[in-house]
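Participant: To start, I am sharing the structure in question, which I have written as structure tokens.
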Amino acid sequence: MLKAILIDDEESSLNSLKEKILQHCSEIKIISFCDNPQEGIIMIETLKPDLVFLDIEMPIINGFTLLQQLSYKSFELIFVTAYDHYAIKAIRYSALDYLLKPIEIEDLKNAVDRAIKKQNNSGPNKQLELLLENIIIEKCKFKSIAIPTTQGLQFIKIEEIIYLEANVNYTKFYLTNNVKYTVCKTLKKFEEMLPDDVFFRIHNSYLVNKNYIEKYIRGDGGQVVLSNGTYLEVAKRKKAEFLKAIGF
């Protein structure tokens, strides 16, 4: 059973989440619930929970500021927010969970199930560390991304991604030094996450890092040659937009 702390400055939202957890998540034991972020910090440091449900938008101290002030970070984290704003991108980069208000029961149960599976890992939460690293960088200019693999989570630097390839509902990552990963997410998901000033969708199957394009070969759509020697087709419908994106 996971010991959980709930933190939300809106009393109605806090009570609603508490009731949903009590009714639908028998694996969770609520050890504290706070409508004051300062109190939330004290409770986390004192009670050392396994799981924290944390609202993002709070007065004086928001959710991210609260996390930055913690010394104890060995817990799973589920964000709760009413806003689908830029911070969601940082959360997704870190492969952390978030729930949008009003919270759906099925979404809550799925997030709790994922937290239970991840809770076996001991020590500081690396996903949380990655989030805090990314959130202090200028919006949407993140350095690293966490990707789920068959072995767990892999933390990779964005600058090391040469290109991504779609394979039905999977995506293959091709990195520098011939490293490859296969991820159970669609290419579209990563296209939405990765910075569009660096990555370009040249084809339904390919999302490339423009920094690794060494040559463009003219043709119907043409081809790009990447720094690792890979030749990739450019879709005809993407040609004009692609040439503009690389400065032609």
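The values are calculated or read from the model by the stated rules, or taken from the named source; none is laboratory data. Quick caveat, the model's predicted, so the values are computed rather than measured. Don't worry about glycine lacking a Cβ; one is built from the backbone with ideal geometry, like all the others, and counts go over all protein chains shown.
Participant: Within region 203-222, can you find the residues that are in a strand (DSSP E or B) and within 21 Å of N178 (Cα to Cα)?
Facilitator: Y206, L207, V208, N209, I213, E214, K215
Participant: Yes or no: Y231 exposed (fewer than 15 other Cβ atoms within 10 Å of the Cβ), modelled with pLDDT of 90 or more and under 22 Å from R114 (Cβ atoms)?
Facilitator: No; evaluated as a whole, the condition is false for this residue.
Participant: Also: If you check S16, S71, which single one turns out to be in the same structural domain as I103 (by TED's automatic domain parsing) and either farther than 23 Å from E106 by Cα or free of Cβ contacts under 8 Å to residues at least 24 places away in the same chain (or both)?
Facilitator: Details: S16 fails: either farther than 23 Å from E106 by Cα or free of Cβ contacts under 8 Å to residues at least 24 places away in the same chain (or both).
Every option except S71 fails the conditions.
Participant: Are there any pairs, at least 6 apart or on different chains, whose C-beta atoms fall under 8 Å, with the first in region 186-206 and among the aromatic types (F, W, Y) and the second crowded, with 18+ Cβ neighbours inside 10 Å and assigned to a helix (DSSP H, G or I), and if so, which?
Facilitator: Taking only residues 6 or more apart or on different chains, the pairs are F200/F242.
Participant: Moving on to the next point. For region 10-41, enumerate the residues that are modelled with pLDDT of 95 or more and among the small types (G, A, S).
Facilitator: Matches in region 10-41: S16, S26, S32, G40.
Participant: With region 137-196 as the region, which strands (runs of 3 or more DSSP E) entirely inside it contain at least 1 residues that are under 28 Å from F64 (Cα atoms) and β-branched (V, I, T)?
Facilitator: Counting at least 1 such residues, we get 144-149, 152-157, 161-167, 180-183.
Participant: Output the residues belonging to region 177-189 that are over 16 Å from the mean Cα position of the chain (by Cα) and exposed (fewer than 15 other Cβ atoms within 10 Å of the Cβ).
Facilitator: N177, N178, V179, K180, T182
Participant: Separate question: Yes or no: K118 out of contact with any helix residue (DSSP H, G or I) (no Cβ under 7 Å at 6 or more places or on another chain) and modelled with pLDDT under 95?
Facilitator: It is true that K118 is out of contact with any helix residue (DSSP H, G or I) (no Cβ under 7 Å at 6 or more places or on another chain) and modelled with pLDDT under 95.
Participant: Which residues, counting only those in region 223-241, are of a type in the set (A, V, I, L, M, F, W, C) and in a loop (DSSP other than H, G, I, E, B)? Before you say what the answer is, go through the steps one by one.
Facilitator: Here is the first cut: in region 223-241, the ones of a type in the set (A, V, I, L, M, F, W, C) are 224-226, 232, 234-235, 240.
Matches in region 223-241: V234, A235.
Participant: From the list I60, I44, exactly one residue is of a type in the set (V, I, T), surrounded by 16 or more Cβ atoms within 10 Å (Cβ to Cβ) and either in the same structural domain as L128 (by TED's automatic domain parsing) or part of a helix (DSSP H, G or I) (or both). Which is it?
Facilitator: Every option except I44 fails the conditions.
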